[in-house]
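Below is one structure, written out as C-alpha cells, with a few remarks after it.
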Amino acid sequence: MSYFDTNYEVSASYLSIEKGNKQFIGSKENRTCRYCGKTKPDVTFRLEAHAIPEFTGNKSLIAYDECDVCNEKFSRLVEDHFGKYLGVLRTLSQVHGKKGVPTYKGKDGKSRIEMEAAGLHVKGYEEDPIFEINEESKRVTVTAHRQPYVPAAVFKCLVKMAIAIAPSSVLGDLQHLCKWILEDSHTYESFPYKPLMVFEQFTPGPMPYKGITLLLLRRKQSVKDVPYLQFIVAFGNTMYQIVLPMPQQDKEILKKQIQLFLFPVPFSEGYEYGKTAVYQLDLSRYEIVRNEPHVMHMSYESAEKKETLNN
Ligand SMILES: [Zn+2]
C-alpha cells in the first residue's frame, strides 16, 4: 500500500457499492455524453445507462452522461466480451446480473451449473464432463469453456469503467481512450497499445466483495517512473487492476522497464476460505479466441449427489 500512497492520489473512488441507493454520475439537466461529447438532439439519453456493467452486480451506479448510441456500442463491443471472459465465474460467484445469476451450460447444452434457492445445482453428464468432485478434500474442479471472445475487448471494458468514473480533471486526458473503446472493430493497427496487462486477484469463498469497489489512481505531480493512471475494480471474488494506455503521459516510462505492484486485497493471510490467487493476464490479442478452457477450483461445505441413469 505504501507504493500507492507515495506515488498516487485518488482521482475517483467508490467503495463497496451495494444494491439500494442509486448514485448518479453527470448532470440530469445538462446532458453531454462523456464518451462521444455529443448532446441532444444529436444523440438521445433515453436508456438508463449503468456506469459499469450490470453483470458485475451493479444496480445502482447510473450514468447520466452516457448517450444511447455509446451505450449500445459498449454493450456489444466490450461488455459482451468481458461477460464471456468471466463465463462460469459469473455463476460460481453468484453475482446478480440483469437476469439474476446466469446459468452456465456445457458445450452440448445438457450439462449445466445453475443457482437455485438451496445453492448451486451442478448437472453433469459422462459424455460432457464439466466437474470433478474430491469428496475427501471437499473440493470441486469445474472445467468449463468460454464462449468466443476478444481479449483486447475485455481490456477495453475495464478501460470503459475507468473512464465512467473519471472526474472532469482527468477526462480531458482520456479522449484517445474514448475513441479506442468506441471503435467498431478490434484492431491493433489503429491504436497500437501493447501490452494490455491485467492483474487478476481471485479470493475464494462466498462473495468476498459484497459490493463493487472502483478506484482510479493518478500519479502525483512530484513523482516520475510510475504509470500515470491505474484503475482497480473488485466485485464477486475478483479484483482487476490495469494501467491505462497513456502514451503521452507515460512517454518516458514506456522506454524503460518498470515494476508494477499489486494493489493489496482487503483479506489477510489467515482469511478463512484460503489464499488469494494472483494471475497476470496478457490481453493483447485482437482476434477472437474460441473454445478456451476455463478451470475453476472451489470448496464446498456440503453437497448432495443425485445419480440418474439414462435408460
Ligand atoms: Zn455518446
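The values are calculated or read from the model by the stated rules, or taken from the named source; none is laboratory data. Bear in mind that the values here come from a model prediction, so they are computed numbers and not experimental data. Here the Cβ is made from the backbone with ideal geometry for all residues, glycine too, and neighbour counts use every protein chain on show. Surface areas here come from the heavy atoms of the whole protein model, side chains and all, with no ligands, DNA or RNA. Shrake-Rupley method; radii C 1.70, N 1.55, O 1.52, S 1.80 Å.
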**Placed amide H near Ala49: partners under 5 Å, 5+ positions off or other chain** = Ala63
**Asked** Which whole-Hz ³J(HN,Hα) couplings does the range 212-227 yield from phi under the Karplus relation 6.51 cos²θ - 1.76 cosθ + 1.60, θ = phi - 60°, glycine and proline marked x?
**Response** 9, 10, 10, 8, 10, 10, 10, 4, 5, 4, 7, 9, 10, 6, 10, x
**Asked** Taking 0.36 nm per residue of separation and subtracting the Cα-Cα distance, what length does fully extending His297 through Gln249 add?
**Response** 13.3 nm
**Asked** Share of the range 2-299's accessible area from carbon and sulfur, percent, 1.4 Å?
**Response** 49
**Request:** With a/c under 1.5 counting as rounded, go ahead and sort the chain into rounded, prolate or oblate using the C-alpha gyration tensor (a ≥ b ≥ c being the square roots of the eigenvalues; past the cut-off, prolate if a/b is larger than b/c, else oblate).
**Result:** prolate
**Item:** DSSP-defined beta bridges in the range 196-311 - what % are antiparallel, rounded to 5
**Value:** 100
**Complete:** Evaluated at 10 °C and 1.306 mPa s, the Stokes-Einstein D of the range 212-311 based on the Kirkwood radius over Cα pairs, in µm²/s, stands at 89
**Message:** Restricting to DSSP loop positions (anything but H, G, I, E, B) with no more than 14 other Cβ atoms inside 10 Å of their own Cβ, which trypsin sites (Lys or Arg not before Pro) remain in the range 116-157?
**Reply:** Lys138
**Complete:** So, over other residues within a Cβ distance under 14 Å of Ser222, counting Lys, Arg +1 and Asp, Glu -1, the net charge is +1
**Item:** Accessible area in square angstrom per residue, the chain, 1.4 angstrom probe
**Value:** 54
**Request:** State which entries of Lys123/Lys275; Lys19/Lys99; Lys138/Lys306; Lys99/Lys194; Lys105/Lys305; Lys98/Lys210 exceed 26 angstrom in Cα-Cα distance in the structure shown.
**Result:** Lys123/Lys275; Lys99/Lys194
**Asked** Magnitude of the Cβ-charge dipole of the chain, K/R +1 and D/E -1, about the Cα centre, nearest 20 debye?
**Response** 720
**Fill in**
Residues meeting the amide H criterion for Arg146 (H placed from the backbone, H to H distance under 5 Å, 5 or more places apart or on another chain) are Glu292, His294
**Item:** Residue-wise HN-Hα coupling along the range 139-151, computed from phi with Karplus coefficients 6.51, -1.76, 1.60 (Hz; x: Gly, Pro)
**Value:** 10, 10, 10, 9, 10, 10, 10, 7, 5, x, 8, 9, x
**Prompt:** Amide H neighbours of Ser11 under 5 Å, counting only residues 5+ apart in sequence or on other chains, H built in-plane at 1.01 Å?
**Reply:** Leu216, Leu217, Arg218
**Complete:** Length-normalised contact order of the range 114-160, Cα under 8 Å, at least 6 apart, in percent, tallies to 19
**Request:** In whole Hz, with x marking every Gly and Pro, tabulate ³J(HN,Hα) for the range 67-82 from phi via Karplus 6.51 cos²θ - 1.76 cosθ + 1.60, θ = phi - 60°.
**Result:** 6, 5, 5, 5, 4, 5, 4, 4, 5, 7, 8, 10, 5, 4, 6, 5
**Prompt:** Where is the GNM fluctuation largest for the chain (alpha-carbon springs, 10 angstrom cutoff): Leu254, Leu214, Leu61?
**Reply:** Leu254
**Prompt:** Taking a label point 7 Å from the Cα of Glu48 along the Cα→Cβ vector, which residues of the range 75-116 have an amide N closer than 18 Å to it?
**Reply:** 75, 96-101
**Total charge dipole magnitude, the range 159-311, about the Cα centre, Cβ charges on Lys, Arg, Asp, Glu only, Debye to nearest 20** = 480
**Item:** For the chain, with +1 on Lys and Arg beta carbons and -1 on Asp and Glu, the positive-most of Cys67, Thr213, Ser11 along the dipole
**Value:** Cys67
**Request:** Could I have the simple spin-label model distance between Ala117 and Asp225, label points 7 Å from Cα toward Cβ, reported in nm to one decimal?
**Result:** 6.1
**Taking the chain and dividing mean pair separation by its residue count, relative contact order in percent (alpha carbons under 8 Å, at least six apart)** = 23
